[in-house]
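Encoded as structure tokens, the structure appears first; notes follow it.
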Amino acid sequence: MQLVYKPELPKEKRPIYIIGAGGIVRDAHLPAYRNAGFVVKGITNRTKQRATDLAKSFNIPNVYDNVEEMVSAASTNAVFDLTLMPNQFVATLELLPDESAVLIQKPMGDDYKQTIEILEVCRRKKLKAAINCQMRFAPYVMAAKYLIDQGLIGELYDFEVRLTIYTPWEYFPNVVNHPRLEIQQHSIHYIDLIRSFLGNPKKVYSKTLRNPIKPMSSTRTTTIMDYNDAMRAIINTNHDHNFGEKNQESFVKWEGTKGAIKARIGLLLDYPNGKPDLFQYCIVKDGEEPNWVEVALEGSWFPDAFVGTMASLMRYVEGSTDELPTSVEDVVHSMAIVESAYQSNNDGGITPNYNV
């Protein structure tokens with residue numbers, strides 16, 4: 001079977017101007033754009049030397065002292081790539097020209113109040129704005145979507161994300177001390193992913209937990225997204241499994257009435273080294289034993305999925321599509337689910353009657 005799993009590229013590869021020069025830019029944005037043939041025209045960062053170093057490594061012709069200088073130099077068909085921390089989004093978006101095209105790093109705010117502020121500035125300035133929820137464009141996700149859209153596994157009724165891994169949070173100094181660590185900074189990927197397949201759930205149930213010997217606010221979460229009495233959509237994350245690789249897990253699984261799909265998220269195993277991804281599907285045929293087929297896919301979540309978010313924005317701006325999958329108007333719903341998950345964590349649960 002020939003799987004379709006690569007994002008469609010724009011007709012016009014518009015010049016990209018990057019605001020921020022952190023590790024995500026070095027490790028994902030710039031390698032992805034180089035692989036796709038996108039042209040990065042300029043970069044700026046509060047610590048200019050970091051921008052200068054990246055410009056040298058990736059042949060970026062212009063390094064700007066600040067956002068204002070970048071905006072004044074940018075061409076009218078520019079796409080701005082905003083890779084700062086969420087508490088800097090609103091002030092930076094205010095500096096962009098009205099009706100600009102901008103790709104904003106996830107999450108869309110540090111809390112739901114900030115999410116709404118970001119949405120409101122995008123609306124007021126009529127920005128063509130998308131959030132970099134790039135997991136939707138990971139090769140194994142797009143391959144799964146192709147099989148499901150073709151009806152090959154029947155009616156989807158079970159969607160599971162499971163992580164039993166060890167995450168060295170010290171690699172993420174900007175978020176390691178965040179009061180909303182696991183759901184806001186990590187499980188948001190899977191919440192948004194499930195929404196991209198199933199839409200908005202009716203209710204959300206969640207519990208997020210800290211490790212008693214670690215300072216982080218939360219490192220393990222179980223979230224249930226409630227759709228109906230047949231669809232199970234569940235996210236189980238455990239970032240504390242530091243007992244060797246033998247029993248570590250990292251996968252997304254889709255099950256339907258005619259078959260199933262399972263994708264190993266290799267990136268998260270032995271992080272930051274990672275392991276190979278693995279994509280498998282099983283289509284049940286009458287009278288035959290289930291047979292799992294393994295398919296080798298090109299690329300992975302990092303950096304290749306970052307092509308998809310930028311390509312979809314460019315295609316939307318040029319008019320070759322009227323869909324912007326990760327628009328701020330869409331991803332605000334993922335953030336609403338995040339907020340509901342925290343509310344469920346704080347207020348949910350029923351105390352049994354033990355007085356018998």
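Every number in this text was worked out from the coordinates using simple rules, so none of it is lab data. Keep in mind that this is a model prediction, so the values were computed, not measured. FYI the Cβ positions are ideal-geometry reconstructions off the backbone, even for glycines, and counts take in every protein chain you see.
Spin-label pair residue 280-residue 172: with each label point 7 Å from Cα along the Cα-Cβ axis, the two points sit 2.8 nm from one another. Our estimate of slack between residue 211 and residue 87, defined as 0.36 nm per intervening residue step minus the Cα-Cα distance, is 42.0 nm. Does a label point 7 Å from the Cα of residue 298, set along Cα-to-beta-carbon, have any residues of the stretch 127-170 with amide nitrogen under 18 Å, and which are they? Correct set: 137-144, 146. Along the axis of the charge dipole computed for the stretch 50-188 (Cβ charges of +1 for Lys and Arg, -1 for Asp and Glu, origin at the Cα centre), the listed residues 179, 152, 166 are led at the positive end by 152. If the chain linking residue 350 and residue 59 were pulled fully straight, counting 0.36 nm for each residue of separation and taking away their Cα-Cα distance, it would gain 99.0 nm. Computed from the C-beta positions of residue 49 and residue 257 and an R0 of 35 Å, the FRET efficiency is 0.05 to the nearest 0.05.
First check a/c for the stretch 63-213, with a ≥ b ≥ c the square roots of the eigenvalues of its C-alpha gyration tensor; if it is under 1.5, answer rounded, and if not, answer prolate when a/b is larger than b/c or oblate otherwise. It would help to have the intermediate numbers written out before the result.
On the way: a/c = 2.07, a/b = 1.39, b/c = 1.48.
Since a/c reaches 1.5 but b/c is at least a/b, the shape of the stretch 63-213 is classed as oblate.
Rounded to the nearest 20 debye, the dipole magnitude of the stretch 25-115 is 420 debye, with +1 charges on Lys and Arg beta carbons, -1 on Asp and Glu beta carbons, and the Cα centre as origin. Dipole magnitude for the chain: about 500 debye, using +1 per Lys or Arg Cβ and -1 per Asp or Glu Cβ, origin at the Cα centre. Karplus-based coupling profile of the stretch 134-150, in residue order and whole Hz: 7, 4, 4, 9, 4, x, 6, 6, 5, 5, 5, 4, 4, 4, 5, 5, 7, with θ = phi - 60° in 6.51 cos²θ - 1.76 cosθ + 1.60 and x standing for Gly or Pro. For the stretch 1-94, which GluC sites (Glu not before Pro) are in a loop by DSSP, counting at most 13 other Cβ atoms within 10 Å? Those satisfying the criteria are 8, 12. Can you compute log10 of I(q)/I(0) for the stretch 139-295 with the Debye formula, treating each Cα as one identical point scatterer, at q = 0.13 Å⁻¹? Here the Debye-derived log intensity ratios amount to -0.65. Calculated FRET efficiency, residue 73 to residue 158, Cβ-Cβ distance, R0 = 45 Å: about 0.30 to the nearest 0.05. Computed over the chain, the per-residue total of -39500 (n - 2.57) for DSSP H runs of n ≥ 4 gives a 222 nm mean residue ellipticity of -8500 deg cm²/dmol, rounded to 500.
Once R0 is set to 22 Å, what does the formula 1/(1 + (r/R0)^6) return for the Cβ-Cβ distance between residue 4 and residue 288, expressed as a FRET efficiency to the nearest 0.05? Here the calculated transfer efficiency is 0.30.
Placing unit charges on the Cβ atoms of the charged side chains and taking the dipole of the chain about its Cα centre, the candidate lying farthest along the positive direction among 39, 188, 9 is 39.
Checking every one of the GluC sites (Glu not before Pro) in the stretch 276-356 against DSSP loop status and a limit of 13 other Cβ atoms within 10 Å picks out 288, 298, 323. When Rg and the Kirkwood radius Rh are both evaluated on Cα atoms of the chain, their ratio Rg/Rh stands at 0.97. The chymotrypsin sites (Phe, Trp or Tyr not before Pro) of the stretch 192-244 that meet both conditions, a loop assignment by DSSP and at most 11 other Cβ atoms within 10 Å of the site Cβ, are 243. This model, with +1 at the C-beta of Lys and Arg and -1 at the C-beta of Asp and Glu, gives the stretch 119-251 a dipole about its Cα centre of some 720 debye. Scanning residues 5 or more positions from residue 218 or on other chains, those with amide H under 5 Å from its amide H are 181, 182, with H placed 1.01 Å from N in the peptide plane.
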